[in-house]
Amino acid sequence: MWMMVYSNKLYTALVKVFNTTIKSYMTKACIFAYGIPAVVVTFNLGLTLLYFDKQQLNEDVCVKDDPQYLPSTTYHAENMCWLQGYSLYFGFLFIIGLAFLNNLGIVILVLRKVIFKRQKIQSTAAKGNKLTQLFMACSLSFTLGLTWIFGFLMLISTDPTYNQVLNWLFALFNSFQGIFIFYITCVKREDMFIFWWNPMRSRFEGFRKRFEDAVGIEPASFSPRTMATNSTGVSATKSNFSSTST
């Protein structure tokens, strides 16, 4: 759900630019991102346990008096800790599918707005510009969860080799999602980069200073004023040498 919130933010910022800001946007985003999954899980769990499992229990009336009998459930699978049946299809895959289609549409609109319309203005596109556009397309695909397509493709076949290959692809591509999110939001943005990099740099400088004091190394100064003084001294030496030579 947070990927849908992020895609909506991209749409309003790049495609359909709104002049007015949404009041209490983060509060509404939290209600949407946490509220909808909570409602879906509650409805799915309640319907499965209170209706479908009760029907299954009534059908097993012949064996439910056995002390070793454990009632089966249609909520999760018996061989793994995961959903199954209607709980999987409508309680998880259907919601993820809607989010996937929404984000896919946003990616297409954003790329059409940012890349293709820009190419109409520029007669020739530089190689670096093409690489930037390719990186933008890849980063949008990863951050908006389009790599979940491998998870849906696993439902097409029950072949073990086919599912194993898609499992590896799903795990590999989705592992890059967090890396791209960190790069776009924490590294590429200058304000966020300064926010987390400066404290880390100050801690490193403090650690290096304590280490140099403990070892007895005289710390080198690299301040702009020192660099300017050094460069002035070098320039003066060069000028004196040239005047002496002449």
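The values are calculated or read from the model by the stated rules, or taken from the named source; none is laboratory data. Since the model is a prediction, treat every value here as computed from it, not as a measurement. Counting neighbours? That spans all protein chains shown, and the Cβs are built from the backbone with ideal geometry, glycine included.
Rundown of residues vs (1) assigned to a loop (DSSP other than H, G, I, E, B); (2) at pLDDT 70 or above; (3) of a type outside the set (Phe, Trp, Tyr), yes/no style:
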position	(1), (2), (3)
PHE52	no, yes, no
LEU57	no, no, yes
LEU88	no, yes, yes
ILE95	no, yes, yes
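Only a single item in (1) under 30 Å from PHE150 (Cα atoms); (2) modelled with pLDDT of 85 or more; (3) surrounded by fewer than 13 Cβ atoms within 10 Å (Cβ to Cβ) is not met by CYS30, and it is number (3). Meeting the requirement of 1 or more residues that are at pLDDT 75 or above and within 22 Å of ASN8 (Cβ to Cβ), the helices (runs of 4 or more DSSP H) wholly within the stretch 135-246 are 149-153, 160-182, 190-215. Pairing residues of the stretch 19-32 that are assigned to a helix (DSSP H, G or I) with residues that are of a type in the set (Asp, Glu) and modelled with pLDDT of 80 or more, at Cβ distances under 7 Å and at least 6 apart in sequence or on separate chains, gives no pairs at all. A Cβ distance below 8 Å, combined with a sequence gap of six or more or placement on separate chains, defines the contacts here; from the stretch 33-49, residues that are more than 14 Å from LEU88 (Cα to Cα) reach residues that are assigned to a helix (DSSP H, G or I) in the pairs ALA33/TRP2; ALA33/MET4; ALA33/VAL5; ILE36/ILE95. Contact map, the stretch 168-194: first residue β-branched (Val, Ile, Thr), second residue surrounded by 12 or more Cβ atoms within 10 Å (Cβ to Cβ), Cβ cut-off under 7 Å, separation 6 or more or different chains; pairs are ILE181/THR143; ILE184/SER139; ILE184/THR143; THR185/MET192; VAL187/PHE193. Would you check which residues across the stretch 154-164 are surrounded by 12 or more Cβ atoms within 10 Å (Cβ to Cβ) and either closer than 25 Å to PHE135 by Cα or not aliphatic (A, V, I, L, M) (or both) and list them? Correct list: TYR162, ASN163.
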